[in-house]
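Remarks on the structure that follows.
The values are calculated or read from the model by the stated rules, or taken from the named source; none is laboratory data. In this text, all values refer to a predicted model and were calculated from it rather than measured experimentally. Cβ: placed from backbone, ideal geometry, glycine included. Neighbour counts: every protein chain shown. The protein model used for the area step is the full one, side chains on, heavy atoms only, and it has no ligands, DNA or RNA in it. Shrake-Rupley method; radii C 1.70, N 1.55, O 1.52, S 1.80 Å.
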Amino acid sequence: MSSAAKQSHAFDLAQVRKEFPILDQQVHGKPLVFLDSAASSQKPRAVIDAMAEFQRRDYANIHRGVYQLSQRATNAFEAARERVRGFLGAAETREIIFTRGTTEAINLVAATFGRERVGPGDEVLITHMEHHSNIVPWQMLCREKGATLRVVPIDDRGVLDLEALDDLLGARTRILAVTHVSNALGTVNPIAEIVAMAHAKGVPVLVDGAQAAPHMAIDVQELGCDFYAFSSHKVFGPSGVGALYGRAEHLEAMPPYQGGGEMILSVTFDETIYADIPHKFEAGTPDITGVVGLGAALAWVEATGLDAIAEHEHALLAYGTEALSEVAGLRLIGTAPHKAGVLSFVLDSAHAHDIGTILDQEGVAVRTGHHCAQPVMDRFSVPATARASLAAYNDRSDIDALVRALHSVNEMFA
Ligand code: PLP
């Protein structure tokens, strides 16, 4: 188990809320109720301060400087890599690559591992609940290679059809790319089981962990996956940075993603010798302060306890599901038995965008639209949903405010 999972904590919600200064404000004269953490979560003081302090005291470019500042910056950067390793339960720090986020991590795997493995007539398998980030890179790869993108169906609750998955894992399947948690539905997929099914047929698995990382303990060794991607900004860290875990044997065999500085051992006009992993995949100056912020975010999560966060969110999700069932004409999209903190819904009385605008007037921030998951909208025959998503800092009063605001939407459109 990863270190975050092993610790057990008492969860002090009032204290957690206080650690997020942005929550303490009014919008349109109403207290802010932030229910859009699946898009991007807010940042605790620990992250804001760590990044400011790093810029104030230790900032320099990393890896190449012999002077003290550069060494301090390099140490902070590499300490964050070790923190990500622990967070994901990976065996070695060299299996952790810093990227711009989940999207870049998936593109990296598609453009390297994917490009080498997939050929004409081959198949790439994804699911019907993927975010566009875990669809488009594979579609591009299939187009380039003359391969076929196959899609595992979901049922009316938003649960993945595992029998169909097993059938679709065929002799031509070269990779399975699947989300751990759906951003549009909240469904939590049984990744360890899925990985075992794929590996039984020799198919490697990439897991999109963007929506799982803020909500549950992850252990890539227990899951058994080949690749795991997540974004810092959804797990209380800054945007523009994220990480990819890849099994060392894959990373060593893969060609580089981008060429440039930092990813080489030596360069002549005739030949370049690439650096060892993970640096082979980290061309150019990275978002150094962002990585330090990600490290601070994961330290905050570990100190708070992912187990405690998960328990709190689970109870809040149950409370929210029950409370929303009392709003007339509301239909939840995504009712899987195993869900993370996402409440996606449509209302008979109003379009999702109108709901979002009216809720904003009440201080309630939710996301509306297709949530970068248009195939999910098509599956449920809706153009868009309104989505309230939960994080560690939300409480029952946030849900109550949401429900009150939804009643006013109904009254307005009655
Ligand atoms: N995958 C899922 C499931 C997501 O929810 C998101 C973002 O919403 C992404 C991938 C893309 O993440 P990013 O934009 O941080 O690269």
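Overview of results
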item	result
Highest-MSF residue in the chain out of A318, A243, A386 [GNM, Cα springs under 10 Å]	A318
Accessible area of the chain belonging to carbon and sulfur atoms, whole % at 1.4 Å probe	51
Longest segment of the chain lacking GluC sites (Glu not before Pro) that sit in a DSSP loop with at most 16 other Cβ atoms within 10 Å	93-270
For the chain, built as a Gaussian network whose Cα springs stay under 10 Å, the top-fluctuating residue of G29, G295, G114	G29
Cα→Cβ-extended label distance, 7 Å offset, between Q374 and R157, nm	3.0
Relative contact order [Cα under 8 Å, 6+ residues apart], segment 1-107, whole percent	22
For segment 48-302, average projected area of the Cα convex hull in nm²	14.0
Antiparallel bridge percentage (DSSP; both residues within the chain; nearest 5)	60
Overall form of segment 97-189 per C-alpha gyration tensor (a/c, 1.5; a/b vs b/c)	oblate
Three-way shape call for segment 341-413 based on the alpha-carbon gyration tensor, with the a/c threshold at 1.5	oblate
Rounded tilt (10° steps) of 191-200 against the dominant C-alpha axis of the chain	40
Dipole of the chain, positive direction: furthest Cα of A38, I97, G170, with charges on the beta-carbon	I97
Percentage relative contact order, the chain, counting C-alpha pairs under 8 Å, at least six apart	24
In degrees, nearest ten, helix 136-145 long axis to first principal axis of the chain (Cα)	40
Inter-site label distance for A196 and Q71 at 7 Å from Cα along Cβ, in nm	4.9
Modelled label reach - T357, point 7 Å along Cα→Cβ, segment 14-55 residues with backbone N closer than 18 Å	28
For segment 360-397 versus segment 257-322, the gap between their alpha-carbon centres in whole angstrom	26
Shape of segment 308-354, Cα gyration tensor, a/c cut at 1.5	prolate
Segment 26-70: chymotrypsin sites (Phe, Trp or Tyr not before Pro) falling in loop per DSSP and having at most 16 other Cβ within 10 Å	Y67
K30 versus R143: modelled label distance in nm, points set 7 Å from Cα along the beta carbon direction	4.2
Value at 222 nm in deg cm²/dmol, rounded to 500, when DSSP H runs of n ≥ 4 in the chain each add -39,500 (n - 2.57)	-11000 deg cm²/dmol
Dipole magnitude of the chain about its Cα centre (Cβ charges: Lys, Arg +1; Asp, Glu -1), debye to nearest 20	620
Nearby lysines by direct alpha-carbon distance to K145 (threshold 29 angstrom, same-chain neighbours under 8 apart not counted)	K201, K280
Candidates I97, I273, I126: whichever shows maximal mean-square fluctuation once the chain is modelled as a Gaussian network with Cα springs under 10 Å	I273
Contour minus Cα-Cα distance for F413 and S239 (0.36 nm per residue)	58.9 nm
Degrees separating the helix 68-88 axis from the principal Cα axis of the chain, which is the longest one	60
